[in-house]
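Just so it is clear, none of the values below were taken in a lab; they were calculated from the coordinates. Values in this document were obtained by computation on a predicted structure and should not be read as measured data. Neighbour counts are summed over all protein chains in view; Cβ atoms, including those assigned to glycine, are modelled from backbone coordinates with ideal geometry.
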Amino acid sequence: MDRSFDQTLARLKDLVAIPGIAWPSFDRTPLERSADAVAALVREAGLPEVQVLTVNKEDGTPGGPAVVARRPAAEGKPTILLYAHHDVQPVGDEALWETAPFTAVEKDGRLYGRGAADDKAGIMAHIAAYAAVSEVFSDSLGLGVTFFIEGEEEAGSPTFRSFLETNRELLRADVIVVADSSNWKVGIPALTTSLRGLVDGVIEVQVLKHAVHSGMFGGPVLDAPTLLSRLIATLHDDDGNVAVEGLVAADTASVEMPEADYRADASVLDGVRLAGTGSIASRLWTKPALSIIGFDAPAVDVASNTLIPRARAKFSLRLAPGQAPAEAMEAVRRHVEANAPFGAKVVFTPGEAGNPFRTDTSSAAASLAMWALGEAWGVPAVETGIGGSIPFIADLTEVYPDVQILVTGVEDPDSRAHSANESLHIGDFRNAVLAEALMLARLNSEGLA
Ligand SMILES: [Zn+2]
């Protein structure tokens, strides 16, 4: 596989050189070039029916160009859909990069460059695995394979849902591999088996009809920022666990994250006690987390001696797998209305809602993936969660309720996706290609038994 792996790496470097960014404020030309380059690579790998497809956003402008290619399944064989995305994050502050972001550079066993990991390595893992398997099996490859390489993931996938609905039959599959996540660490592969959901919204506290002089009126009534702070303080118990009743929480993470690693990665200051109870991994993956992400009150620089009549805060609540977003939203509403401090008026405005995700780890597809990852790396794979969300996964599960979704990836904790000096561990990338080739081969010969 050595020569072909060198080729795979060379093609990955070519892709990194194309700065395809799907944000509306960026030139669209490189994004289209990026889609065409991916389409050419998919064609070169031998996939028939390669197309670049776009659907329009609600405002009538085109969404990111997606590459779709399909090899229909032989009678009785399953179809696997391989997902990755070819658009990348903008580079941010270029001064923070040690090498030019759009020139892939190999250094100390890693490949540096924007998109080297997220997610152009995901694309190349799919392409290299498919090429290897179709060479080995040639005519006996009956497995259906669909490529779906999205072109707007880093812009929030604005047309993902309508793209799925428009191309529902074209993209239908038995198993979907989403190669856009991370392994546990360099040398230890992981299947991402849970993602948290999210709800957010605004909590406003009103106490006076208008602002009044704090000398003349201060004392008998508390100002809105103070009352809002007291209300916010009820959202956690004294240990820092979320205290909103009715939220799903479980202490079921199967790997342990050392406290020192968490403290270092999250840059927690010395002396700060961690919040919550249970293992750190479960606090990150299988329990809710509630944060205040915005606070509206007069700014310090323009503060005057008045009692502030109203104040509002935006909350963001990460949801454990198994939690319905609508129920979580109602739970927060009930909590803030029931805890209105000093009888202040509390106005709750619900915001966005996204579903959590959990893989059925007993499914044939999950067992197959765990086996293939273990074989390729030579050490057993672990099941991990992600504390954040991948919103399009919820769309996939809604449009295809019976499909088995496997979230894999080429990143590791040092990959710095979205940040300066993004990089890919080349040895693990090679393992990822091998793991996917093993999966495709076994799926072809044994199906989803
Ligand atoms: Zn990504």
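So the values come out like this:
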quantity	calculated
Between 0 and 90°, nearest 10: helix 29-44 axis offset from the chain longest Cα axis	40
Three-way shape call for segment 397-449 based on the alpha-carbon gyration tensor, with the a/c threshold at 1.5	oblate
Rule-of-thumb Rg ratio for the chain [Cα; 2.2 N^0.38 Å; N residues]	1.09
Rg followed by Dmax, in Å, when segment 45-132 is reduced to its Cα trace	17.0, 55
Computed log₁₀ I(q)/I(0) - Debye formula, equal Cα scatterers, no solvent, segment 312-449, q 0.09, 0.10, 0.16, 0.20 Å⁻¹	-0.44, -0.52, -0.98, -1.26
Label point at Ser367 placed 7 Å out along Cα→Cβ; residues across segment 165-188 whose backbone nitrogen lies under 14 Å	none
Ordering of 330-336, 21-27 by packing [mean C-beta count within 10 Å, highest first]	330-336, 21-27
For the chain, size of Cβ-based charge dipole, Lys and Arg +1, Asp and Glu -1, in debye	720
The chain: calculated mean residue ellipticity at 222 nm from DSSP helix runs of at least 4, using -39500 (n - 2.57)	-10000 deg cm²/dmol
Cα gyration tensor shape of segment 122-192, rounded if a/c is under 1.5, else prolate or oblate by comparing a/b with b/c	oblate
Cα long-axis angle, helix 364-377 against the chain (0 to 90 degrees, to the nearest 10)	70
Cα lying deepest toward the dipole's positive end in segment 258-374, options Ala260, Ala369, Ser291, charges on Cβ	Ser291
Ranked packing of 297-303, 191-197, most packed first, by mean Cβ within 10 Å	191-197, 297-303
Euclidean distance of C-alpha centroids, segment 271-333 and segment 378-434, integer Å	27
Extreme residue, positive dipole direction of the chain, given options Ile386, Pro401, Val300 (C-beta unit charges)	Val300
Local electrostatic count at Ala320 - Lys and Arg +1, Asp and Glu -1, tallied over other residues with Cβ under 13 Å	+3
Other-chain or far-sequence residues with amide H under 5 Å of Gly351's (modelled H)	Asp200, Gly201, Val202
Computed FRET value (nearest 0.05) for Ala340 with Leu170, which takes r as the C-beta separation and R₀ as 60 Å	0.70
Theoretical gain in end-to-end length, Ser162 to Lys107 [0.36 nm per residue, Cα-Cα removed]	15.7 nm
Furthest towards positive pole of dipole, Leu434, Pro413, Leu164, structure part the chain, Cβ charges	Leu164
Links that overshoot a 29 Å alpha carbon limit, given the list Lys107/Lys287; Lys57/Lys287; Lys57/Lys120; Lys57/Lys77; Lys13/Lys77	Lys107/Lys287; Lys57/Lys287; Lys57/Lys77; Lys13/Lys77
Kirkwood Rh, Cα atoms: Rg over Rh of segment 156-205	1.13
The chain: relative contact order in percent, alpha carbon pairs under 8 Å with at least 6 residues between	24
GNM result for the chain, Cα springs below 10 Å: residue of Gly46, Gly374, Gly219 fluctuating most strongly	Gly219
Cα long-axis angle, helix 426-446 against the chain (0 to 90 degrees, to the nearest 10)	70
